[in-house]
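The values are calculated or read from the model by the stated rules, or taken from the named source; none is laboratory data. Please read these numbers as outputs of a predicted model, since none were measured by experiment. Every residue, glycine among them, receives a Cβ derived from its backbone with ideal geometry; neighbour counts consider all protein chains shown. Surface areas here come from the heavy atoms of the whole protein model, side chains and all, with no ligands, DNA or RNA. Shrake-Rupley method; radii C 1.70, N 1.55, O 1.52, S 1.80 Å.
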Amino acid sequence: KTVNIKDYISKDKITVMSFWATWCSPCKRELDAIMDVYPDWQEEYDVELLAITIDDARSLAKVPAMIETKGWEYTVLADVKRELQKSLNFQTVPQTFLIDKNGEIVYTHSGYNPGDEFELEDEIKKLAE
């Protein structure tokens, strides 16, 4: 079903939007790494993570099994037509956006290297203070 991204970005909550795809190894490593610290982030900063796949209609069929296997406890949405990707004007995944409690994008990060999740946590911490 079609949803409005604004319905998933709640007021008074910090939101992380992480764009990924089933064929993107760095994306999966990033979401795995965040999963290790995500329960702490939820408790300490009241953060919500939206994992938005840019898989096309054909690869979309692989998404539910992958989420199940990985044990990701994120809200997962699909940007099959890449409309959100186009409106946010980025080309490659993983692409991460940090949205403050007012719904404004305050930080963005492209790619993934081990440890990037701690840099993201530092940015979340600033917003939570």
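So what is the accessible area of the chain per residue, in Å², with the probe set to 1.4 Å?
Averaged over the residues of the chain, the accessible area is 57 Å².
Between LEU60 and LEU84, take the C-beta separation as r, use R0 = 25 Å, and let me know the FRET efficiency to the nearest 0.05.
On the way: r = 15 Å, r/R0 = 0.59.
Using R0 = 25 Å, I get an efficiency of 0.95.
Report, in degrees rounded to the nearest 10, the 0 to 90 angle that the Cα long axis of helix 25-45 makes with the longest principal axis of the chain.
So the inclination is approximately 30 degrees.
Based on the alpha carbon coordinates of region 61-115, what radius of gyration and maximum Cα-Cα distance (Dmax) apply, in Å?
When restricted to the Cα atoms of region 61-115, Rg and Dmax are 13.3, 34 Å.
Karplus couplings for region 100-106 from phi (6.51 cos²θ - 1.76 cosθ + 1.60, θ = phi - 60°), rounded to Hz, Gly and Pro as x?
Whole-Hz 3J(HN,Hα) from phi for region 100-106: 7, 5, 9, x, 9, 6, 10.
Return the distance in nm (one decimal) between the two label points of a simple spin-label model at GLN91 and ALA128, each offset 7 Å from Cα along Cα→Cβ.
3.5 nm
Just how many pairs of Lys in the chain have C-alpha atoms closer than 21 Å, counting pairs that are eight or more places apart or on different chains?
19
Rounded to the nearest 5, what is the percent of antiparallel bridges among the DSSP beta bridges in the chain? Please list the in-between numbers first.
Working: 10 of 21 bridges.
Here the antiparallel bridges make up roughly 50 percent for the chain.
Can you pull out the chymotrypsin sites (Phe, Trp or Tyr not before Pro) in region 1-76 that DSSP calls coil and that have at most 16 other Cβ atoms within 10 Å?
Listed in order of number, the matching sites are TYR8, TRP23.
Calculate the translational D of the chain in whole µm² s⁻¹ from Stokes-Einstein, where the hydrodynamic radius comes from the Kirkwood formula applied to all Cα pairs, the temperature is 20 °C and the viscosity 1.002 mPa s. Walk me through the numbers on the way to the answer.
Working: Rh = 14.8 Å.
This corresponds to a translational diffusion coefficient of 145 µm²/s.
If N is the number of residues in region 39-93, what value comes out of its Cα radius of gyration divided by 2.2 N^0.38 Å?
Values: Rg = 13.2 Å, N = 55, 2.2 N^0.38 = 10.1 Å.
Expressed relative to 2.2 N^0.38 Å, the Cα Rg reads 1.30.
At 1.4 Å probe size, with the rest of the protein present, what percent of the exposed accessible area of region 74-128 is carbon and sulfur atoms? Could the numbers behind the result be given before it?
Working: 1420 of 3090 Å².
C and S fraction of accessible area: 46 percent.
Going by average Cβ neighbours within 10 Å, how do the peptides 53-62, 95-104 rank, with the highest at the top? Don't jump to the answer; show the numbers that get you there.
Numbers: 53-62: 15.2, 95-104: 17.2.
Per-residue Cβ counts within 10 Å, averaged per peptide and sorted highest first, yield 95-104, 53-62.
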